[in-house]
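Values in this text are rule-based calculations from the coordinates and carry no lab data. Only a predicted model underlies this, so the values are computations on that prediction, with no experimental measurement involved.
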């Protein structure tokens, strides 16, 4: 009978965790600043001043693609946090309106989806459970497309060809 050491699966798991920890990320730290009225105001990562970001979120640099800066940026921001999917969903449901975003639709499921609009831009947030703990989510922001107008038809009688 061939006996495989029980340490081999453990070693494989540890190597996998070690490699996963090597993914390029950057910490997103919120800083407290004073607002115009002298009260403390919580701000997010300065590159994205129009979005709230959860405390201790880490940006996944390998999967993030952002163009522009300030309140005119667009692209896909991918983050991970040590908070549950429900906590992240609740955070954005509560905080996005404070940043001027208006809800279009939200859906709670295995991959929760939230869509908001603000000043000619649309943000879609996808939230799912992390591999072991916490959750991963992406925020895609793009310019809002122009409304589609149906072609107009006229009910004018046609002239017979002569």
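Subtract the Cα-Cα distance of residue 87 and residue 149 from 0.36 nm times their separation in residues, and report this length gain in nm to one decimal. Mind showing how you got there, number by number?
Working: separation 62, 0.36 × 62 = 22.32 nm, distance 3.91 nm.
Difference between extended and current length: 18.4 nm.
If the convex hull of the alpha-carbon atoms of the range 66-142 is projected onto planes in all directions, what is the mean projected area in square nanometres?
Numbers: hull surface 19.6 nm².
Computed as one quarter of the Cα hull surface, the answer is 4.9 nm².
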